[in-house]
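Quick notes on the structure that follows.
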Amino acid sequence: MDALILRFDAPLMSFGGVRVDQHNVSERFPGLSLFAGLLSNALGWHHRDGDRIGRLQERLVVASRWDILGEAIVDYHTVDLGQPKMREAGWTTRGKPEHRDGGPDARFGTHQRYRHYWANGVLTSALLLARTDDSPTLEALESALRRPARPLFLGRKTCLPGAPILLGRRSGTDVLSILKSVPRATCAHRPAPPTMAARWPADLGQAREEQIRPIHDQRDWHNQWHAGSRQVAEGLITETPSCT
């Protein structure tokens, strides 16, 4: 089977997780909804194309690893909802101000936000498609990543890639073996351990019971909320030496 090889190399990355109050957390690995959104953006699709984005998300099979583990950081900032411009329509997606319930102090006061990021890391993913007779094809996704319809970002719009996302294309028996065959990214100033933290589909058979965990990384693109869960395996892997 064939897979696209993606490399996320950026000063900041954020892999959206379950939000807890004012904390916009980041998962350790990018989820299916992030890949679906990234690919849809490259294809030039829009939020109104929720049904076909959802179908694409259902077909994605992904394994990821940290070649260079990013540093977890938190960006603290505030927003004053009491400013006149924040009381007027037009600054939100739906064209009307959004405020919390409660009295004037709660609704229009200064609100704190904590946005979580991975800094200065490099992550590599192998991505293939189930139902290869469906559209878009792997070739269409490859072409879109080489010449995306719009600028791409790695999570939030502030997380711009520092290098091309698409590395190329590889073949193998499954998505994990393909990922292991990809040469590891290195940095002369950051010594790397011999193993890499990775996530892959739990049904591949290589995972031990203690490595399997449930995650909630899918999105209902039609209604624009997170929904669905699946089982993945997380553990340490090593790069498979290439034959010479």
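Some observations on this one:
- Criterion violated by Arg100 - all others in (1) in a loop (DSSP other than H, G, I, E, B); (2) within 27 Å of Asn41 (Cα to Cα); (3) modelled with pLDDT under 95 satisfied: (2)
- The stretch 196-222: number of residues that are modelled with pLDDT under 95 and either farther than 18 Å from Gly31 by Cβ or in a loop (DSSP other than H, G, I, E, B) (or both): 11
- When residues of the stretch 44-75 are limited to those that are aliphatic (A, V, I, L, M) and outside any strand (DSSP E or B), the one modelled with the highest pLDDT: Leu56
- Odd one out for Thr93, checked against (1) of a type in the set (Val, Ile, Thr); (2) modelled with pLDDT of 80 or more; (3) open to solvent by 40 Å² or more (accessible area, probe 1.4 Å): (2)
- When we screen Arg169, Arg208, Arg213 for residues that are among the charged types (D, E, K, R), over 20 Å from Leu32 (Cα atoms) and open to solvent by 60 Å² or more (accessible area, probe 1.4 Å), the only hit is Arg208.
- The stretch 138-158 residues that are open to solvent by less than 40 Å² (accessible area, probe 1.4 Å), paired with ones that are acidic (Asp, Glu) and not in a loop (DSSP other than H, G, I, E, B) (beta carbon under 7 Å, 6 or more apart): Leu138/Asp2
- Test for Arg219: is it charged (D, E, K, R), open to solvent by 40 Å² or more (accessible area, probe 1.4 Å) and within 23 Å of Val122 (Cα to Cα): no
- Pairs, first among the β-branched types (Val, Ile, Thr) in the stretch 1-25, second modelled with pLDDT of 95 or more and open to solvent by 60 Å² or more (accessible area, probe 1.4 Å), C-beta under 9 Å, six or more apart: Ile5/Leu167; Ile5/Arg169; Ile5/Arg170
The values are calculated or read from the model by the stated rules, or taken from the named source; none is laboratory data. The shown structure was predicted, so the numbers you read here are calculated from the model rather than taken from an experiment. Neighbour counts are summed over all protein chains in view; Cβ atoms, including those assigned to glycine, are modelled from backbone coordinates with ideal geometry. Only protein heavy atoms, including side chains, enter the accessible area calculation; ligands, DNA and RNA are left aside. Shrake-Rupley method; radii C 1.70, N 1.55, O 1.52, S 1.80 Å.
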